[in-house]
Amino acid sequence: MSEARAQPSLAEIEVEAARRGWKLRLAAPRRLGLWSLRAVVAEPLSEGRAQVLGELKGWALPQAAGLRLDTLRVQGPGSRGAAPLLLAAGCAWALEHTPCRRARFLAIHDTDRQHRRLVRYFRALGFEPLRALGSAPADWGPRLIWGGSGLLMEGDCEETIRRCARRWPNA
């Protein structure tokens, strides 16, 4: 990590993934003023084959609180540490390529147990609750965008990267 910054850059996060033997790939095409974000961490298996360990999807609006993290999925026994790498990569990309400085995430409320786990995990990464999206008419628009009900949370991208990076040595 560079001494001039308090958090790693996207390139440094890619190096961290490589240190683990993983490939981190991020694509963020921009259309009509909106970026579509997809990041993947995979473990190479053989020539031309890889096992996807995790994926982050989202989008970004050209504003300070414009990063929206929609999907964070990790899978498989070898995926430990993939989630913090993906979150850090998404936030680093936003800081380096967009005006976004804050990220939002919906801790979806599918089941009580899973919801509590998501809220606890994102709080540990510096996210704070904004508001619950439920069945009120004012929530219908955001629920359509986010795809469900739950707790809308927001975090500072720099702080999220710092907190994710603290988890790397243990992964």
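The values are calculated or read from the model by the stated rules, or taken from the named source; none is laboratory data. This structure is a prediction, so every number in the text was calculated from the model and none was measured. So basically every Cβ, Gly included, is an ideal-geometry build from the backbone, and we count neighbours across all protein chains shown. These accessible areas exclude ligands, DNA and RNA; they are computed on the full protein's heavy atoms, side chains included. Shrake-Rupley method; radii C 1.70, N 1.55, O 1.52, S 1.80 Å.
Here residue 158 meets the list (1) touching a residue at least 60 places away in the same chain (Cβ under 8 Å); (2) out of contact with any strand residue (DSSP E or B) (no Cβ under 9 Å at 6 or more places or on another chain); (3) not in a helix (DSSP H, G or I) almost entirely, failing just condition (3).
Of the residues 46, 36, the single one that is polar (S, T, N, Q) and under 23 Å from residue 150 (Cβ atoms) is 36. Within region 111-128, residues that are farther than 18 Å from residue 73 by Cβ sit with their Cβ atoms under 8 Å from residues that are in a strand (DSSP E or B), at 6+ positions apart or across chains, in these pairs: 123/153; 126/155; 126/156; 128/153; 128/154; 128/155. Condition check for residue 107 on (1) open to solvent by less than 10 Å² (accessible area, probe 1.4 Å); (2) small (Gly, Ala, Ser); (3) under 19 Å from residue 167 (Cα atoms); (4) assigned to a strand (DSSP E or B): one failure, at (3). Of the candidates 80, 120, the single residue that is open to solvent by 50 Å² or more (accessible area, probe 1.4 Å), at pLDDT below 95 and within 29 Å of residue 21 (Cα to Cα) is 80. For region 127-142, a residue qualifies if it is at pLDDT 95 or above and open to solvent by less than 30 Å² (accessible area, probe 1.4 Å), and exactly one does: 127. Pairs linking a residue in region 129-151 that is more than 14 Å from residue 108 (Cβ to Cβ) to a residue that is of a type outside the set (A, V, I, L, M, F, W, C), with Cβ atoms under 7 Å and 6 or more positions apart or on different chains, are 130/154. Considering only residues in region 31-41 that are free of Cβ contacts under 8 Å to residues at least 60 places away in the same chain and hydrophobic (A, V, I, L, M, F, W, C), the one that is surrounded by the fewest Cβ atoms within 10 Å (Cβ to Cβ) turns out to be 32. Please work out which residue is farthest from residue 99 (Cα to Cα), limiting yourself to region 42-61 and to residues that are assigned to a loop (DSSP other than H, G, I, E, B) and open to solvent by 60 Å² or more (accessible area, probe 1.4 Å). Per the criteria, the residue is 47.
The lone criterion from (1) aliphatic (A, V, I, L, M); (2) crowded, with 19+ Cβ neighbours inside 10 Å; (3) modelled with pLDDT under 95 left unmet by residue 92 is number (3). Taking region 143-171 as the range and being of a type outside the set (S, T, N, Q) and surrounded by fewer than 16 Cβ atoms within 10 Å (Cβ to Cβ) as the test, the residues that pass are 144, 145, 147, 148, 166, 169, 171.
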